[in-house]
1. Ignoring ligands, DNA and RNA, what accessible area per residue does the chain give at 1.4 Å, in Å²?
2. Express as a percent, rounded to the nearest 5, the fraction of DSSP beta bridges in the chain (both residues included) that run antiparallel.
3. On the accessible surface of the chain, probed at 1.4 Å, how many percent belong to carbon and sulfur atoms?
4. Say we join alpha carbon atoms closer than 10 Å with springs in a Gaussian network model of the chain; which of F165, F124, F54 then has the biggest fluctuation?
5. How high is the relative contact order of the chain, given as a whole-number percent (alpha carbon pairs under 8 Å, six or more residues apart)?
6. In terms of the Cα gyration tensor, with a ≥ b ≥ c the square roots of its eigenvalues, is segment 31-85 rounded because a/c is under 1.5, prolate because a/b exceeds b/c, or oblate?
7. Between [x] 119; [y] 145; [z] 176, which matches volume of the Cα convex hull per residue in Å³ calculated for the structure shown?
8. Pick from Y127, Y59, Y21 the residue whose mean-square fluctuation is largest in a GNM of the chain, springs joining Cα atoms under 10 Å.
Amino acid sequence: TPHVMLNMLPPADTPGIKASYCEGGKEMTVFDAYEKYLEAYKTYFVDVAGLDYFQYDDYPIYNNGLRDTYLRGLQLISQFCEDNNLWGCLAMQSYGSDGTHRKNEPEDVLWQAHLGAAFGNQEFSYYTYWPVLNTTDGLLEDRTYPLTRIGERTSVWYAIQEANFMLQYFGKYVIN
(Lines give C-alpha, C1' and ligand atoms only; values in the text may rest on other atoms or scores of the structure.)
Protein backbone atom coordinates (compact mmCIF):
# COMPACT_ATOMS: atom_id res chain seq x y z
CA THR A 1 0.00 0.00 0.00
CA PRO A 2 1.48 3.39 -0.93
CA HIS A 3 2.07 5.73 1.96
CA VAL A 4 1.98 9.51 1.68
CA MET A 5 3.97 11.60 4.14
CA LEU A 6 2.17 14.89 4.56
CA ASN A 7 3.03 17.08 7.53
CA MET A 8 0.12 19.21 8.67
CA LEU A 9 0.77 22.57 10.30
CA PRO A 10 -0.04 23.29 13.95
CA PRO A 11 -2.40 26.08 14.99
CA ALA A 12 -0.48 29.35 15.16
CA ASP A 13 -2.14 32.70 15.79
CA THR A 14 -0.56 34.82 13.07
CA PRO A 15 -2.46 36.37 10.14
CA GLY A 16 -0.21 34.73 7.53
CA ILE A 17 -0.49 31.24 8.98
CA LYS A 18 -4.24 31.54 9.59
CA ALA A 19 -4.69 32.65 5.97
CA SER A 20 -2.99 29.42 4.84
CA TYR A 21 -5.54 27.29 6.72
CA CYS A 22 -8.58 28.39 4.74
CA GLU A 23 -10.15 31.17 2.73
CA GLY A 24 -10.89 34.03 5.11
CA GLY A 25 -8.74 32.46 7.82
CA LYS A 26 -6.88 35.68 8.49
CA GLU A 27 -10.08 37.24 9.90
CA MET A 28 -11.05 34.19 12.01
CA THR A 29 -9.89 33.08 15.41
CA VAL A 30 -6.96 30.70 15.14
CA PHE A 31 -9.01 27.70 16.23
CA ASP A 32 -11.95 28.47 13.91
CA ALA A 33 -9.53 28.72 10.98
CA TYR A 34 -7.78 25.55 12.11
CA GLU A 35 -11.07 23.63 12.25
CA LYS A 36 -11.60 24.57 8.58
CA TYR A 37 -8.07 23.33 7.83
CA LEU A 38 -8.89 19.98 9.43
CA GLU A 39 -12.20 19.79 7.55
CA ALA A 40 -10.31 20.28 4.26
CA TYR A 41 -7.87 17.50 5.23
CA LYS A 42 -10.79 15.18 5.94
CA THR A 43 -12.53 16.03 2.68
CA TYR A 44 -9.54 15.71 0.36
CA PHE A 45 -7.26 13.20 2.06
CA VAL A 46 -9.53 10.98 4.16
CA ASP A 47 -12.83 10.93 2.25
CA VAL A 48 -11.48 11.19 -1.32
CA ALA A 49 -7.94 9.74 -1.16
CA GLY A 50 -8.65 7.23 1.62
CA LEU A 51 -5.68 8.12 3.83
CA ASP A 52 -5.85 6.69 7.34
CA TYR A 53 -2.90 8.66 8.70
CA PHE A 54 -2.40 12.13 10.16
CA GLN A 55 1.11 13.56 10.62
CA TYR A 56 1.06 16.59 12.89
CA ASP A 57 4.18 18.74 12.56
CA ASP A 58 4.74 20.96 15.57
CA TYR A 59 7.82 22.73 16.94
CA PRO A 60 6.47 24.50 20.05
CA ILE A 61 9.60 25.32 22.09
CA TYR A 62 10.79 28.87 21.48
CA ASN A 63 13.60 30.91 23.00
CA ASN A 64 10.97 32.87 24.94
CA GLY A 65 8.87 29.88 26.04
CA LEU A 66 6.21 27.52 24.77
CA ARG A 67 3.87 28.51 21.94
CA ASP A 68 0.53 29.25 23.61
CA THR A 69 -1.56 27.13 21.22
CA TYR A 70 0.48 23.93 21.63
CA LEU A 71 -1.67 21.99 24.11
CA ARG A 72 -4.94 23.01 22.46
CA GLY A 73 -3.48 21.89 19.12
CA LEU A 74 -2.63 18.46 20.52
CA GLN A 75 -6.18 18.22 21.88
CA LEU A 76 -7.76 19.16 18.54
CA ILE A 77 -5.61 16.69 16.62
CA SER A 78 -6.28 13.93 19.11
CA GLN A 79 -10.04 14.40 18.76
CA PHE A 80 -9.78 14.72 14.97
CA CYS A 81 -7.83 11.45 14.70
CA GLU A 82 -10.24 9.66 17.04
CA ASP A 83 -13.33 10.93 15.20
CA ASN A 84 -11.92 9.91 11.81
CA ASN A 85 -10.18 6.67 12.84
CA LEU A 86 -6.77 8.02 11.83
CA TRP A 87 -3.33 6.79 12.85
CA GLY A 88 -1.81 9.76 14.69
CA CYS A 89 1.82 10.72 14.23
CA LEU A 90 3.65 13.62 15.85
CA ALA A 91 6.67 15.20 14.19
CA MET A 92 8.50 16.47 17.24
CA GLN A 93 10.83 19.42 17.54
CA SER A 94 14.36 18.09 17.41
CA TYR A 95 16.42 21.15 16.56
CA GLY A 96 16.84 24.66 17.79
CA SER A 97 19.39 26.95 16.24
CA ASP A 98 17.27 28.98 13.84
CA GLY A 99 17.16 31.99 16.16
CA THR A 100 13.52 31.40 17.13
CA HIS A 101 13.41 27.87 18.53
CA ARG A 102 15.68 27.02 21.43
CA LYS A 103 17.86 23.96 21.55
CA ASN A 104 16.05 20.92 22.90
CA GLU A 105 17.34 19.56 26.14
CA PRO A 106 16.86 15.83 26.83
CA GLU A 107 13.92 16.60 29.13
CA ASP A 108 12.23 18.57 26.31
CA VAL A 109 12.31 15.50 24.07
CA LEU A 110 10.86 13.33 26.84
CA TRP A 111 8.22 15.95 27.63
CA GLN A 112 7.07 16.10 24.00
CA ALA A 113 7.03 12.29 23.74
CA HIS A 114 4.99 11.86 26.91
CA LEU A 115 2.49 14.53 25.89
CA GLY A 116 2.23 13.10 22.39
CA ALA A 117 1.52 9.62 23.74
CA ALA A 118 -0.95 10.95 26.30
CA PHE A 119 -2.85 12.62 23.44
CA GLY A 120 -2.98 9.32 21.54
CA ASN A 121 -0.22 9.66 18.97
CA GLN A 122 0.96 6.24 17.87
CA GLU A 123 4.05 7.25 15.94
CA PHE A 124 6.75 9.87 16.38
CA SER A 125 9.23 11.31 13.92
CA TYR A 126 12.22 13.58 14.24
CA TYR A 127 14.03 15.43 11.48
CA THR A 128 17.61 16.49 11.01
CA TYR A 129 18.10 19.17 8.39
CA TRP A 130 20.08 22.33 8.03
CA PRO A 131 18.87 25.35 6.09
CA VAL A 132 21.15 26.89 3.51
CA LEU A 133 22.38 30.24 4.72
CA ASN A 134 23.10 33.15 2.43
CA THR A 135 25.17 35.02 4.98
CA THR A 136 28.82 35.57 5.71
CA ASP A 137 28.30 34.52 9.33
CA GLY A 138 28.92 30.86 8.56
CA LEU A 139 26.83 27.79 9.21
CA LEU A 140 24.36 27.28 12.02
CA GLU A 141 25.53 25.41 15.10
CA ASP A 142 24.73 21.84 14.13
CA ARG A 143 25.14 20.29 17.59
CA THR A 144 21.58 21.42 18.32
CA TYR A 145 20.29 18.76 15.88
CA PRO A 146 20.15 14.98 16.44
CA LEU A 147 23.04 14.48 13.99
CA THR A 148 25.78 16.84 12.91
CA ARG A 149 26.47 17.53 9.25
CA ILE A 150 29.04 14.71 9.25
CA GLY A 151 26.77 12.22 11.01
CA GLU A 152 27.98 12.50 14.62
CA ARG A 153 25.32 11.74 17.21
CA THR A 154 24.52 14.56 19.62
CA SER A 155 22.85 14.78 23.02
CA VAL A 156 19.54 15.29 21.18
CA TRP A 157 20.09 11.94 19.40
CA TYR A 158 20.54 10.15 22.71
CA ALA A 159 17.49 11.89 24.20
CA ILE A 160 15.42 10.66 21.24
CA GLN A 161 16.73 7.14 21.77
CA GLU A 162 15.70 7.28 25.44
CA ALA A 163 12.27 8.67 24.55
CA ASN A 164 11.74 5.92 21.96
CA PHE A 165 12.73 3.25 24.47
CA MET A 166 10.35 4.65 27.08
CA LEU A 167 7.50 4.92 24.56
CA GLN A 168 7.99 1.34 23.42
CA TYR A 169 8.23 0.07 26.98
CA PHE A 170 5.32 2.03 28.45
CA GLY A 171 3.36 2.70 25.26
CA LYS A 172 1.09 -0.31 25.51
CA TYR A 173 -0.20 1.05 28.83
CA VAL A 174 -0.36 4.75 27.92
CA ILE A 175 -1.90 4.48 24.46
CA ASN A 176 -4.46 1.88 25.44
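The values are calculated or read from the model by the stated rules, or taken from the named source; none is laboratory data. The structure displayed is predicted, hence computed values, not measured ones. Accessible surface is based on the protein model in full, side chains and every heavy atom, while ligands, DNA and RNA are left aside. Shrake-Rupley method; radii C 1.70, N 1.55, O 1.52, S 1.80 Å.
1. Numbers: 10040 Å² over 176 residues.
Ligands and nucleic acids excluded, the result is 57 Å² per residue.
2. Working: 4 of 15 bridges.
Antiparallel bridges: around 25 percent, rounded to the nearest 5.
3. Details: 5410 of 10040 Å².
After summing per-atom areas, the C and S share lands at 54 percent.
4. Its mean-square fluctuation being the largest, the pick is F165.
5. Values: 240 pairs, mean separation 31.0, N = 176.
Reported relative contact order: 18 percent.
6. Values: a/c = 2.48, a/b = 2.24, b/c = 1.11.
Taking the square roots of the gyration eigenvalues as a ≥ b ≥ c, segment 31-85 is prolate.
7. Computing volume of the Cα convex hull per residue in Å³ and matching it to [x] 119; [y] 145; [z] 176 gives [y].
8. Y127
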